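The values are calculated or read from the model by the stated rules, or taken from the named source; none is laboratory data. Predicted, not measured: the structure shown is a model, and the values here were computed from it. Glycine gets a Cβ as well: all are built from the backbone with ideal geometry, and neighbour counts include every protein chain shown.
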């Protein structure tokens, strides 16, 4: 019963993340991208180009293209993939229509004429909204369907195909709207990945150390006495030397990173250390004064 409640709660949160993410994504499109001719990615970017060249309404273009791509998805990827892409393909154009009056209000009364401030807001809103959508396990349809088809039939990873497609779309936007607008679009696409990563994986609150050393006892004493946290000793054997030894795995707070590394090298200058960012730690022995560990 408790497991069922946990799954239900998780599904509710995912749905909430998705709806909020799509709304913010559509708001960013109406508030920042269309008015400033910023062709960032996907068929949303294509819609902005089409609106400028042919006078077609961008939102109507997205309605039509998403409907056509759902049909293409059904033909090439099957029913299961189509159902997975259905929510985003329908929700995104609906949210574009719903958020349009909100964007007009904000543009009139809140958003100023400072383009660099607009660019900053666009980066944040684009990154946060994309992160929420990806964290919920959904997409907005459109170009994501094309990427899935490319991945299935041409064995090119979706991430590589997406990068190539976005670069081509931004270059087309650069030809239509000018070099500067193309550069600004690249800036939004690149800088927004920071916020996507933070939404997807959370903040890096700590570092995990893997330490191979001959002075295991002194390193253990350092961890326990100076940093007051737990560790795990892992038996190991060198792949080249075949010598047996021990590797210590330990998690420390970000603020202790440089000091901990320095202390290890003072004890054993020949120590072999691997350090990774750590987004979440559960269980184990942790320093009580650091609740996030």
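Here residue 214 meets each of (1) in contact (Cβ under 8 Å) with a residue 40 or more places away in the chain; (2) surrounded by fewer than 18 Cβ atoms within 10 Å (Cβ to Cβ); (3) closer than 22 Å to residue 36 by Cα with one exception, condition (3). How many residues does segment 105-130 contain that are touching a residue at least 40 places away in the same chain (Cβ under 8 Å), in a helix (DSSP H, G or I) and within 12 Å of residue 32 (Cα to Cα)? Within segment 105-130, residues that are touching a residue at least 40 places away in the same chain (Cβ under 8 Å), in a helix (DSSP H, G or I) and within 12 Å of residue 32 (Cα to Cα) number 11. In this entry, residue 250 passes the filter for residues that are over 30 Å from residue 33 (Cα atoms), modelled with pLDDT of 90 or more and either under 34 Å from the mean Cα position of the chain (by Cα) or surrounded by 12 or more Cβ atoms within 10 Å (Cβ to Cβ) (or both). Within segment 135-155, the residues that satisfy the criterion of being free of Cβ contacts under 8 Å to residues at least 12 places away in the same chain and either under 20 Å from the mean Cα position of the chain (by Cα) or under 23 Å from residue 88 (Cα atoms) (or both) are 150, 151.
Quick one: would you say residue 47 is in a helix (DSSP H, G or I), modelled with pLDDT under 90 and in contact with a helix residue (DSSP H, G or I) (Cβ under 7 Å, 6 or more places away or on another chain)? Taking the combined requirement at face value, the residue does not satisfy it. Hey, any hits in segment 143-156 for a residue that's assigned by TED's automatic domain parsing to the domain that holds residue 58 and in a loop (DSSP other than H, G, I, E, B)? Yes - at least one qualifying residue is present in segment 143-156.
Looking only at residues in segment 55-71 that are free of Cβ contacts under 8 Å to residues at least 40 places away in the same chain and touching a helix residue (DSSP H, G or I) at 6+ places or on another chain (Cβ under 6 Å), which one is farthest from residue 148 (Cα to Cα)? Looking at residues that are free of Cβ contacts under 8 Å to residues at least 40 places away in the same chain and touching a helix residue (DSSP H, G or I) at 6+ places or on another chain (Cβ under 6 Å), I get 56. Counting only residues that are at pLDDT 90 or above and exposed (fewer than 15 other Cβ atoms within 10 Å of the Cβ), segment 219-231 holds 1 of them. Of all residues in segment 41-64, those satisfying the criterion of being within 25 Å of the chain's Cα centre (by Cα) and over 16 Å from residue 103 (Cβ atoms) are 41, 42, 43, 45, 46.
Given the condition in a strand (DSSP E or B) and free of Cβ contacts under 8 Å to residues at least 24 places away in the same chain, answer yes or no: does some residue in segment 245-253 qualify? Looking through segment 245-253, none of the residues is in a strand (DSSP E or B) and free of Cβ contacts under 8 Å to residues at least 24 places away in the same chain. Of all residues in segment 71-83, those being surrounded by fewer than 19 Cβ atoms within 10 Å (Cβ to Cβ) and assigned to a helix (DSSP H, G or I) number 9.
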